[in-house]
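The values are calculated or read from the model by the stated rules, or taken from the named source; none is laboratory data. Since the model is a prediction, treat every value here as computed from it, not as a measurement. Here the Cβ is made from the backbone with ideal geometry for all residues, glycine too, and neighbour counts use every protein chain on show. These accessible areas exclude ligands, DNA and RNA; they are computed on the full protein's heavy atoms, side chains included. Shrake-Rupley method; radii C 1.70, N 1.55, O 1.52, S 1.80 Å.
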Amino acid sequence: MAAKWSKQQRSRARFAYLMIAPGVLLLIVFTFYPILYGLPLAFTNYSALDTTKWIGMKNFQRAFNDPDFYVALKNSLIYVIVVPIIQIIAILMAVLVNTKLKFVGLFRVAFFIPVVTSMVAAAIAWKWMYEEQGIINYILRSLGLTHHDIAFMVEPKYALAGVMLVTIWKGLGYYMMIYLAGLQSIPSELQEAARIDGANRLQVIRLITIPLLMPFVLLCSLLSVMGAIRVFDEIFVMHGPKGDPINSTLVASVYTYKVAFQDFDFGYAAAIGLVVALIILVFSLFMFRYTRKGGLTYYE
(Lines give C-alpha, C1' and ligand atoms only; values in the text may rest on other atoms or scores of the structure.)
Protein backbone atom coordinates (compact mmCIF):
# COMPACT_ATOMS: atom_id res chain seq x y z
CA MET A 1 0.00 0.00 0.00
CA ALA A 2 1.33 3.41 -0.97
CA ALA A 3 2.39 5.61 1.90
CA LYS A 4 0.09 8.52 2.71
CA TRP A 5 1.31 11.98 1.98
CA SER A 6 2.25 14.18 4.89
CA LYS A 7 0.51 17.48 5.47
CA GLN A 8 3.52 19.35 4.06
CA GLN A 9 3.54 17.21 0.89
CA ARG A 10 -0.18 17.79 0.34
CA SER A 11 0.37 21.52 0.80
CA ARG A 12 3.19 21.53 -1.76
CA ALA A 13 1.08 19.54 -4.20
CA ARG A 14 -1.85 21.97 -3.89
CA PHE A 15 0.52 24.89 -4.44
CA ALA A 16 2.02 23.19 -7.52
CA TYR A 17 -1.44 22.53 -9.01
CA LEU A 18 -2.41 26.13 -8.29
CA MET A 19 0.66 27.40 -10.16
CA ILE A 20 0.06 25.28 -13.27
CA ALA A 21 -3.71 25.91 -13.31
CA PRO A 22 -3.53 29.19 -15.35
CA GLY A 23 -1.34 27.56 -18.00
CA VAL A 24 -3.60 24.50 -18.21
CA LEU A 25 -6.66 26.75 -18.50
CA LEU A 26 -5.06 28.68 -21.36
CA LEU A 27 -4.17 25.42 -23.12
CA ILE A 28 -7.75 24.17 -22.76
CA VAL A 29 -9.31 27.38 -24.05
CA PHE A 30 -6.88 28.28 -26.85
CA THR A 31 -5.43 24.89 -27.91
CA PHE A 32 -7.47 21.81 -26.95
CA TYR A 33 -10.93 23.33 -27.44
CA PRO A 34 -10.15 24.74 -30.93
CA ILE A 35 -8.66 21.37 -31.95
CA LEU A 36 -11.70 19.41 -30.75
CA TYR A 37 -14.07 21.96 -32.29
CA GLY A 38 -12.15 22.11 -35.58
CA LEU A 39 -12.12 18.35 -36.22
CA PRO A 40 -15.87 17.96 -36.94
CA LEU A 41 -15.90 21.43 -38.53
CA ALA A 42 -13.67 20.10 -41.33
CA PHE A 43 -16.48 17.79 -42.43
CA THR A 44 -19.12 20.52 -42.72
CA ASN A 45 -19.77 23.47 -45.00
CA TYR A 46 -19.76 25.80 -41.99
CA SER A 47 -19.78 29.38 -43.18
CA ALA A 48 -20.89 32.70 -41.78
CA LEU A 49 -23.02 33.11 -44.90
CA ASP A 50 -24.64 29.66 -45.21
CA THR A 51 -26.47 26.95 -43.26
CA THR A 52 -24.15 24.38 -41.72
CA LYS A 53 -24.52 20.86 -43.15
CA TRP A 54 -22.49 17.67 -42.85
CA ILE A 55 -20.75 17.14 -46.20
CA GLY A 56 -18.28 14.36 -45.36
CA MET A 57 -15.03 14.41 -47.32
CA LYS A 58 -16.03 17.10 -49.81
CA ASN A 59 -13.80 19.75 -48.21
CA PHE A 60 -10.79 17.47 -48.58
CA GLN A 61 -11.72 16.65 -52.18
CA ARG A 62 -11.99 20.36 -52.81
CA ALA A 63 -8.58 20.97 -51.24
CA PHE A 64 -6.86 18.45 -53.50
CA ASN A 65 -8.49 20.04 -56.53
CA ASP A 66 -7.61 23.58 -55.46
CA PRO A 67 -4.54 24.98 -57.31
CA ASP A 68 -4.02 27.69 -54.68
CA PHE A 69 -3.88 25.05 -51.95
CA TYR A 70 -1.21 23.14 -53.90
CA VAL A 71 0.82 26.34 -54.27
CA ALA A 72 0.47 27.08 -50.55
CA LEU A 73 1.40 23.51 -49.61
CA LYS A 74 4.41 23.52 -51.94
CA ASN A 75 5.68 26.80 -50.48
CA SER A 76 5.20 25.47 -46.92
CA LEU A 77 7.26 22.38 -47.74
CA ILE A 78 9.93 24.52 -49.41
CA TYR A 79 10.02 26.56 -46.22
CA VAL A 80 11.18 23.46 -44.31
CA ILE A 81 14.60 24.09 -45.91
CA VAL A 82 15.20 26.54 -43.04
CA VAL A 83 15.22 23.64 -40.54
CA PRO A 84 18.63 22.06 -41.32
CA ILE A 85 20.14 25.51 -41.91
CA ILE A 86 19.00 26.78 -38.50
CA GLN A 87 19.99 23.59 -36.67
CA ILE A 88 23.50 23.33 -38.14
CA ILE A 89 24.32 27.00 -37.56
CA ALA A 90 22.77 26.94 -34.07
CA ILE A 91 24.91 23.94 -33.07
CA LEU A 92 28.06 25.66 -34.35
CA MET A 93 27.13 28.84 -32.48
CA ALA A 94 26.49 26.84 -29.30
CA VAL A 95 29.89 25.17 -29.59
CA LEU A 96 31.46 28.61 -30.04
CA VAL A 97 29.80 30.28 -27.06
CA ASN A 98 30.40 27.20 -24.89
CA THR A 99 34.14 27.90 -24.96
CA LYS A 100 35.96 30.07 -22.44
CA LEU A 101 36.46 33.03 -24.73
CA LYS A 102 36.73 36.63 -23.64
CA PHE A 103 33.39 38.48 -23.80
CA VAL A 104 31.56 35.18 -24.47
CA GLY A 105 28.68 36.39 -22.27
CA LEU A 106 28.30 39.41 -24.55
CA PHE A 107 28.18 37.12 -27.58
CA ARG A 108 25.42 35.05 -25.98
CA VAL A 109 23.33 38.14 -25.31
CA ALA A 110 23.90 39.47 -28.83
CA PHE A 111 22.86 36.17 -30.42
CA PHE A 112 19.74 36.02 -28.23
CA ILE A 113 18.51 39.57 -28.92
CA PRO A 114 16.58 38.56 -32.09
CA VAL A 115 14.67 35.96 -30.06
CA VAL A 116 13.20 38.55 -27.68
CA THR A 117 12.51 40.99 -30.51
CA SER A 118 8.87 41.14 -31.55
CA MET A 119 8.29 39.27 -34.81
CA VAL A 120 6.12 42.12 -36.07
CA ALA A 121 8.86 44.66 -35.37
CA ALA A 122 11.50 42.39 -36.92
CA ALA A 123 9.40 41.75 -40.03
CA ILE A 124 8.74 45.48 -40.51
CA ALA A 125 12.47 46.23 -40.15
CA TRP A 126 13.44 43.53 -42.65
CA LYS A 127 10.74 44.69 -45.04
CA TRP A 128 12.27 48.17 -44.94
CA MET A 129 15.75 46.72 -45.55
CA TYR A 130 14.46 44.72 -48.54
CA GLU A 131 12.96 47.79 -50.24
CA GLU A 132 14.52 48.83 -53.55
CA GLN A 133 15.96 51.90 -51.81
CA GLY A 134 16.70 49.93 -48.64
CA ILE A 135 19.95 49.21 -46.88
CA ILE A 136 20.53 45.78 -48.49
CA ASN A 137 20.45 47.21 -52.01
CA TYR A 138 22.67 50.06 -50.82
CA ILE A 139 25.26 47.59 -49.49
CA LEU A 140 25.14 45.51 -52.68
CA ARG A 141 25.65 48.61 -54.84
CA SER A 142 28.47 49.85 -52.61
CA LEU A 143 30.29 46.53 -52.93
CA GLY A 144 29.79 46.53 -56.69
CA LEU A 145 27.78 43.29 -56.56
CA THR A 146 24.88 44.83 -58.46
CA HIS A 147 24.32 47.91 -60.58
CA HIS A 148 20.56 48.09 -60.22
CA ASP A 149 18.12 47.85 -57.33
CA ILE A 150 16.73 44.36 -56.68
CA ALA A 151 13.02 44.12 -55.85
CA PHE A 152 13.40 41.54 -53.09
CA MET A 153 9.78 41.94 -52.02
CA VAL A 154 8.33 41.46 -55.51
CA GLU A 155 10.53 39.15 -57.56
CA PRO A 156 9.35 35.54 -57.04
CA LYS A 157 12.86 34.07 -56.85
CA TYR A 158 13.70 36.37 -53.91
CA ALA A 159 10.39 36.89 -52.10
CA LEU A 160 10.07 33.57 -50.22
CA ALA A 161 13.82 33.27 -49.65
CA GLY A 162 13.80 36.74 -48.11
CA VAL A 163 11.18 35.72 -45.55
CA MET A 164 13.06 32.49 -44.84
CA LEU A 165 16.13 34.56 -44.00
CA VAL A 166 14.09 36.46 -41.39
CA THR A 167 12.99 33.16 -39.82
CA ILE A 168 16.59 31.93 -39.70
CA TRP A 169 17.82 35.18 -38.15
CA LYS A 170 15.02 35.13 -35.58
CA GLY A 171 15.38 31.48 -34.56
CA LEU A 172 19.14 31.00 -34.35
CA GLY A 173 19.55 32.41 -30.85
CA TYR A 174 16.63 30.38 -29.46
CA TYR A 175 17.96 27.05 -30.67
CA MET A 176 21.52 28.04 -29.81
CA MET A 177 20.52 28.37 -26.14
CA ILE A 178 18.86 24.94 -26.15
CA TYR A 179 21.98 23.38 -27.68
CA LEU A 180 24.15 25.29 -25.22
CA ALA A 181 22.19 23.72 -22.36
CA GLY A 182 22.72 20.34 -24.01
CA LEU A 183 26.47 20.88 -24.37
CA GLN A 184 26.79 21.86 -20.73
CA SER A 185 24.99 18.66 -19.69
CA ILE A 186 27.60 16.46 -21.41
CA PRO A 187 30.12 15.07 -18.88
CA SER A 188 33.49 16.66 -19.54
CA GLU A 189 35.18 13.35 -18.65
CA LEU A 190 34.01 11.81 -21.96
CA GLN A 191 35.57 14.57 -24.04
CA GLU A 192 38.76 14.55 -22.00
CA ALA A 193 39.05 10.76 -22.40
CA ALA A 194 38.62 11.10 -26.17
CA ARG A 195 41.39 13.72 -26.33
CA ILE A 196 43.69 11.50 -24.28
CA ASP A 197 43.03 8.73 -26.81
CA GLY A 198 44.25 11.05 -29.56
CA ALA A 199 40.98 12.45 -30.96
CA ASN A 200 41.19 15.96 -32.40
CA ARG A 201 38.54 18.63 -31.89
CA LEU A 202 36.49 17.70 -34.96
CA GLN A 203 36.54 14.01 -34.00
CA VAL A 204 35.36 14.87 -30.48
CA ILE A 205 32.46 16.88 -31.91
CA ARG A 206 31.53 14.15 -34.42
CA LEU A 207 31.94 11.11 -32.16
CA ILE A 208 31.09 12.49 -28.71
CA THR A 209 29.25 15.80 -28.86
CA ILE A 210 26.79 15.19 -31.72
CA PRO A 211 25.61 11.71 -30.54
CA LEU A 212 25.04 13.03 -27.01
CA LEU A 213 23.16 16.04 -28.40
CA MET A 214 20.69 13.91 -30.39
CA PRO A 215 17.78 14.33 -27.92
CA PHE A 216 18.24 18.09 -28.22
CA VAL A 217 18.51 17.82 -32.01
CA LEU A 218 15.20 15.93 -32.04
CA LEU A 219 13.48 18.54 -29.87
CA CYS A 220 14.82 21.50 -31.83
CA SER A 221 14.10 19.86 -35.19
CA LEU A 222 10.51 19.10 -34.19
CA LEU A 223 9.93 22.66 -33.02
CA SER A 224 11.61 24.05 -36.12
CA VAL A 225 9.64 21.86 -38.55
CA MET A 226 6.34 22.76 -36.89
CA GLY A 227 7.27 26.43 -36.95
CA ALA A 228 8.36 26.28 -40.61
CA ILE A 229 5.21 24.55 -41.88
CA ARG A 230 2.98 26.81 -39.77
CA VAL A 231 4.88 30.03 -40.56
CA PHE A 232 2.53 32.99 -40.53
CA ASP A 233 3.67 36.19 -38.83
CA GLU A 234 6.63 36.98 -41.08
CA ILE A 235 4.72 36.49 -44.31
CA PHE A 236 1.55 38.19 -43.09
CA VAL A 237 3.44 41.31 -41.98
CA MET A 238 5.81 41.50 -44.95
CA HIS A 239 3.46 40.49 -47.75
CA GLY A 240 -0.08 40.65 -46.34
CA PRO A 241 -2.78 37.95 -46.57
CA LYS A 242 -2.84 38.04 -50.39
CA GLY A 243 0.91 37.74 -50.82
CA ASP A 244 2.47 38.75 -54.13
CA PRO A 245 0.56 38.61 -57.44
CA ILE A 246 1.76 35.09 -58.38
CA ASN A 247 1.50 33.61 -54.85
CA SER A 248 5.23 32.94 -54.44
CA THR A 249 4.90 33.70 -50.70
CA LEU A 250 1.51 32.03 -50.18
CA VAL A 251 1.91 29.32 -47.51
CA ALA A 252 -0.62 27.00 -45.89
CA SER A 253 -1.20 29.07 -42.74
CA VAL A 254 -1.73 32.30 -44.68
CA TYR A 255 -4.05 30.51 -47.12
CA THR A 256 -6.03 29.08 -44.19
CA TYR A 257 -6.38 32.59 -42.76
CA LYS A 258 -7.52 33.91 -46.15
CA VAL A 259 -10.14 31.17 -46.58
CA ALA A 260 -11.43 31.56 -43.02
CA PHE A 261 -11.40 35.31 -42.41
CA GLN A 262 -11.70 36.75 -45.91
CA ASP A 263 -13.88 34.16 -47.62
CA PHE A 264 -15.63 33.17 -44.34
CA ASP A 265 -15.46 29.52 -45.38
CA PHE A 266 -14.57 28.07 -41.99
CA GLY A 267 -15.32 24.44 -42.86
CA TYR A 268 -12.88 24.45 -45.75
CA ALA A 269 -10.30 26.30 -43.64
CA ALA A 270 -10.61 23.62 -40.93
CA ALA A 271 -10.03 20.91 -43.55
CA ILE A 272 -6.89 22.67 -44.78
CA GLY A 273 -5.66 22.98 -41.20
CA LEU A 274 -6.24 19.26 -40.62
CA VAL A 275 -4.25 18.36 -43.75
CA VAL A 276 -1.36 20.56 -42.57
CA ALA A 277 -1.53 18.95 -39.10
CA LEU A 278 -1.26 15.49 -40.68
CA ILE A 279 1.77 16.60 -42.70
CA ILE A 280 3.44 17.84 -39.49
CA LEU A 281 2.63 14.49 -37.86
CA VAL A 282 4.33 12.63 -40.73
CA PHE A 283 7.45 14.81 -40.40
CA SER A 284 7.46 14.26 -36.64
CA LEU A 285 7.21 10.46 -36.95
CA PHE A 286 10.01 10.50 -39.52
CA MET A 287 12.29 12.46 -37.19
CA PHE A 288 11.45 10.22 -34.22
CA ARG A 289 12.36 7.24 -36.38
CA TYR A 290 15.77 8.54 -37.43
CA THR A 291 16.92 10.68 -34.48
CA ARG A 292 15.69 8.74 -31.45
CA LYS A 293 19.12 7.23 -30.69
CA GLY A 294 21.59 9.25 -28.70
CA GLY A 295 21.84 11.02 -25.39
CA LEU A 296 23.74 9.76 -22.37
CA THR A 297 22.47 6.21 -23.02
CA TYR A 298 24.53 6.22 -26.24
CA TYR A 299 27.61 5.02 -24.39
CA GLU A 300 25.94 2.72 -21.90
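Annotations
- For the range 130-181, the gyration tensor built on C-alpha atoms gives a prolate shape. Its axis ratio a/c (a ≥ b ≥ c) is at least 1.5, and a/b is the larger of a/b and b/c.
- Sorted largest first by accessible area at a 1.4 angstrom probe radius, with every protein chain in place, the residues Tyr257, Tyr138, Tyr70 fall in the order Tyr138, Tyr70, Tyr257.
- Of all accessible heavy-atom area on the range 169-298, the percent that carbon and sulfur account for (1.4 Å): 65
- A 1.4 Å probe, protein heavy atoms only, puts the accessible area of Ile246 near 110 Å².
- Test item: Cα-centred dipole of the chain, Lys/Arg +1 and Asp/Glu -1 on Cβ, debye: 1240
- Restricting the range 144-240 to trypsin sites (Lys or Arg not before Pro) in coil, as DSSP defines it, with at most 13 other Cβ within 10 Å: none
- Accessible area per residue (1.4 Å probe, heavy atoms of protein chains only) ranks Leu96, Leu218, Leu18 as Leu18, Leu96, Leu218, with the largest value leading.
- For the range 1-114: accessible area per residue (Å², 1.4 Å): 74
- A straight line joining the Cα centroids of the range 146-225 and the range 33-94 runs 27 Å.
- Rounded, prolate or oblate (a/c below 1.5 giving rounded, otherwise prolate when a/b exceeds b/c) for the range 127-285 by Cα gyration tensor: oblate
- Above-threshold pairs, the threshold being 19 Å between Cα atoms, out of Lys53/Lys258; Lys100/Lys170; Lys127/Lys170; Lys74/Lys258: Lys53/Lys258; Lys100/Lys170
- The simple spin-label model puts a point 7 Å past each Cα toward its Cβ; for Ile88 and Glu131 those points are separated by 3.5 nm.
- The chain - mean residue ellipticity at 222 nm from DSSP helices (-39,500 (n - 2.57) per run, n ≥ 4, rounded to 500): -21500 deg cm²/dmol
- Within the full protein context, the accessible area of Val225 is estimated at about 0 Å² for a probe radius of 1.4 Å.
- On a per residue basis, the range 175-243 carries 48 Å² of accessible surface, using protein heavy atoms and a 1.4 Å probe.
- At 1.306 mPa s and 10 °C, Stokes D of the range 225-290 from Kirkwood alpha-carbon radius, µm² per second: 125
- Taking a ≥ b ≥ c as the square roots of the eigenvalues of the Cα gyration tensor, the chain is classed as oblate, since a/c reaches at least 1.5 and a/b does not exceed b/c.
- Taking the 1.4 Å solvent-accessible surface of the range 62-138 as the whole, the part contributed by carbon and sulfur is 74%.
- Among His239, His147, the order of accessible area from largest down is His147, His239, computed with a 1.4 Å probe on protein heavy atoms.
- Each principal axis of the Cα atoms in the range 192-258 has its own extent, and those three values, largest first, are 60, 19, 16 angstrom.
- Asp50 accessible area, 1.4 Å probe, all protein chains in place, Å² to nearest 10: 90
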